[in-house]
1. Surrounded by 13 or more Cβ atoms within 10 Å (Cβ to Cβ), without any contact (Cβ under 8 Å) to a residue 40 or more places away in the chain and within 19 Å of the chain's Cα centre (by Cα): which single residue out of M18, M1 fits that description?
2. Only one of these conditions is not met by G113: (1) small (G, A, S); (2) open to solvent by 40 Å² or more (accessible area, probe 1.4 Å); (3) under 22 Å from D136 (Cα atoms). Which number is it?
3. How about the stretch 36-67: which of its residues are loosely packed, with under 14 Cβ neighbours inside 10 Å, under 13 Å from D11 (Cβ atoms) and hydrophobic (A, V, I, L, M, F, W, C)?
4. Which of the residues belonging to the stretch 68-83 are free of Cβ contacts under 8 Å to residues at least 24 places away in the same chain and either open to solvent by less than 70 Å² (accessible area, probe 1.4 Å) or among the aliphatic types (A, V, I, L, M) (or both)?
5. Which of (1) surrounded by 15 or more Cβ atoms within 10 Å (Cβ to Cβ); (2) without any contact (Cβ under 8 Å) to a residue 12 or more places away in the chain is the odd one out, the single condition K96 does not satisfy?
6. Output the helices (runs of 4 or more DSSP H) that fall wholly within the stretch 1-76 and possess 3 or more residues being touching a His at 6+ places or on another chain (Cβ under 9 Å) and at pLDDT below 90, or say none.
7. Only one of V141, V129 is touching a residue at least 24 places away in the same chain (Cβ under 8 Å) and either part of a loop (DSSP other than H, G, I, E, B) or open to solvent by less than 50 Å² (accessible area, probe 1.4 Å) (or both). Can you tell me which?
8. Only one of these conditions is not met by M121: (1) outside any helix (DSSP H, G or I); (2) open to solvent by less than 60 Å² (accessible area, probe 1.4 Å). Which number is it?
Amino acid sequence: MAEVKDDVYLDRYDEEIMTILHTQKEKDPIKIGSLKNSLTSDPTSILIHPKDHHVEALRKRLDDDHADVIEHRRWGAPWNMIEIVREGMNKAVGLKRIAHYYHVDQANVIAFGDEDNDIEMLDYAGIGVKMANGNDCLNAVINETTDTNDNDGVAQFLEAYFEFDKE
């Protein structure tokens with residue numbers, strides 16, 4: 001799969017991938033067909049959905065052969081998606097730009113994450129919050145932990161942090 005800004009391209013239809021993406025085909029259709037023939041500009045990211053037993057070997061190969069031009073992260077547990085982006089591009093880059101644009105001090109930024117593709121973002125944020133079901137690799141950069149997404153962990157954290165009254 002490839003992403004070009006807001007457009008998504010899928011090499012071939014895959015029901016499991018469609019479920020992972022939670023897409024509404026009518027609103028934002030995914031373009032399905034050969035990536036080689038469909039892409040007219042450089043992708044923002046490439047996503048690979050390898051078999052579970054190929055994940056570590058593939059990530060090692062990416063490190064060994066392409067570390068000078070790309071970064072890759074794993075997300076989507078239990079589906080083991082590998083996201084490949086240009087070197088130096090991560091969620092922290094976008095978060096910094098938004099904070100700068102809106103004149104928000106880094107100390108006042110709160111970010112939530114659960115997978116290794118969130119490391120830089122959580123590290124950048126003044127308050128980095130890991131979801132309870134998040135990957136242990138995030139522990140070195142977080143300030144707090146909250147409940148899982150399924151249990152409204154983001155809402156729970158924000159209600160407690162901002163001392164919202166529950167009605």
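The values are calculated or read from the model by the stated rules, or taken from the named source; none is laboratory data. This one's a predicted model, so the numbers in the text were calculated from it and none came from an experiment. In this analysis, Cβ positions are derived from the backbone assuming ideal geometry, glycine residues included, and neighbour counts consider all displayed protein chains. For the accessible areas, the whole protein counts, side chains as well, though only heavy atoms, and no ligand, DNA or RNA atoms are used. Shrake-Rupley method; radii C 1.70, N 1.55, O 1.52, S 1.80 Å.
1. Working: M1 fails: without any contact (Cβ under 8 Å) to a residue 40 or more places away in the chain.
Answer to the selection: M18.
2. (2)
3. At the first step, the residues of the stretch 36-67 found to be loosely packed, with under 14 Cβ neighbours inside 10 Å are 36-37, 40-42, 51-54, 56-57, 60-61, 63-67.
Among the residues that remain, those that are also under 13 Å from D11 (Cβ atoms) are: 36-37.
Listed by number, the list is empty, since nothing qualifies.
4. Within the stretch 68-83, the first condition is being free of Cβ contacts under 8 Å to residues at least 24 places away in the same chain, and the residues that meet it are 68-72, 78.
Residues satisfying the conditions are V69, I70, E71, H72.
5. Looking at each condition in turn, K96 falls short on (2).
6. On the way: elements: 15-21, 35-38, 55-66.
Correct list: 15-21.
7. Values: V141 fails: touching a residue at least 24 places away in the same chain (Cβ under 8 Å).
Residue meeting the stated conditions: V129.
8. Condition (1) is where M121 drops out.
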